[in-house]
Each structure stands twice: as structure tokens, then as C-alpha cells.
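Input: a single structure, listed below in C-alpha cells.
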Amino acid sequence: MAFTLSTPSALILSITIMTLITTIPSISAVNLPPNPSNGPDFIRTSCNATLYPDICYKSLSRYALAVQRDPAQLARVAVAVSLTKARRMAQYVSAMSHRTIGAEPKALSALRDCFSTFGDAVDEIRSSLAELRRMPSAGSASGSGPSAADDFRFQMSNVQTWMSAALTNEDTCTDGFDVVADSPVKAGVCDQATKVRKVTSNALALVNSFAAKVEGEEDFD
């Protein structure tokens, strides 16, 4: 698992997050579609296919120039944002576990389990992003012949499986607090975990939309 249960350095965390965010616009800087001014409208329309469209648009609209009207790029950006949120959550739970030493055993156990499951989610989302970065855009994927089509389906299946597993792990975090008495710690962790889960859910929906677009291309058979 990517994390160890220790109090994070605020400076290191800030640098890590900013590095990820600032690299998002360069994910596919070559061959971007025209009309970048249409990017926000494209993102808003695409987000309507998610369970949480307002959260989707709010978290992704700042990347409109990079996304433009490219569903592949939008999927990459959405997964990258989901990765940032999951990393922050893992660090948050790590810090909480140190601030609540001496709390009831069930609460401490739930915190440790939550840290573990979010660590797994981070690994799964990171793998998804790496796979997406190796994949072509919708247009080039659909016009490259049967072999490319098979490769695309295999890679996309990996991404969808990993993102689904990440969602399950994020759910498991909050499930672990079902047996814990109500407290500010429980409320805070469950609230933050739910917010991250919604971003991950939206990212998976946009990945699925990208896959459906490629599968629907006329020459993709």
C-alpha cells in the first residue's frame, strides 16, 4: 500500500497535490480539438451523465482549456482529480488517528481500517490514471482497426474494474463506522469520505461515457 500510518508533512503534501494538479493540463497537450471556448459547455453536458453533476462541474470546470471537447481527456482529468481527493483523505485519516489516541477501541479500529481502504483506493485510482494515459483519444481509438479495438477494450476494462474497486474501498471506510458511537471524529471522517466517493463515482461515470463513445463509433467493430 502506498501510505504508512504516520503524521504527514503539510509541506510535502502540498507539493505532491500541486504537482499532480499542475500536470493535468499536459496529459494530452498534442492534437487537442478546436474551439477551446466550448470546453465548459462540454464539461457541463458530460457531467449531466453523472450521479452528482454539480460536484462534477465544480471540480472539473477549471480544466476546460485542457479538456476542450475531448472525452478521453475529460476522463483522465476526472480520474486525476479523484486521485488527489483520495490522497488527501488518506492523509486526513492518518492525522485523525494520531489526534484520537486514547479514544474508544472501535473508533481507533475504524480509523485504521479507513486508512487502509483509502490507501488501496489510491493505488487503484493511480493504476487507472496510468492506464488512461496510455490510451488514445476517442477518434484515434475508433479508427485503428480490430487489434487496436481489442487493446482498447482490455485497457478500458482494467480502468473500470480499478475505479469500481476504489469506490468499494471508499464505501468500506464509512461502513466501518457503523458500530462506532456518534462523535465529531466519526461525523468528520464519514462526511469527508462521502465527498471523495462522490468525486470518484463521477470519474467512473465519465470513464464509462468515454468507453461508450468509442464503442459507438461506426468503424469500431
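Just so it is clear, none of the values below were taken in a lab; they were calculated from the coordinates. For clarity, every value in this text was computed on a predicted model and none was experimentally measured. FYI the Cβ positions are ideal-geometry reconstructions off the backbone, even for glycines, and counts take in every protein chain you see.
Values computed for the structure shown
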| item | result |
| --- | --- |
| Förster radius 35 Å - calculated FRET efficiency between ASP113 and SER164, Cβ distance, rounded to 0.05 | 0.95 |
| Given charges at Cβ of Lys, Arg, Asp, Glu: the stretch 38-216 dipole, positive-most of ALA64, PHE152, VAL79 | ALA64 |
| Charge sum, other residues only, whose C-beta stays under 12 Å from VAL159's C-beta, Lys/Arg counted +1 and Asp/Glu -1 | +3 |
| Projected label distance in nm at LEU65 and GLU104, using a 7 Å step from Cα toward the beta-carbon | 5.1 |
| Cα-centre dipole for the stretch 38-216 with unit charges at Cβ (Lys and Arg positive, Asp and Glu negative), debye to 20 | 600 |
| Extension gain (nm, one decimal) between ARG134 and ARG44, 0.36 nm per residue minus Cα-Cα | 29.8 nm |
| Label-point gap, in nm, between THR194 and SER157 - each point 7 angstrom along Cα→Cβ | 3.6 |
| Proxy reagent accessibility, fewest Cβ within 10 Å first, across VAL81, VAL179 | VAL179, VAL81 |
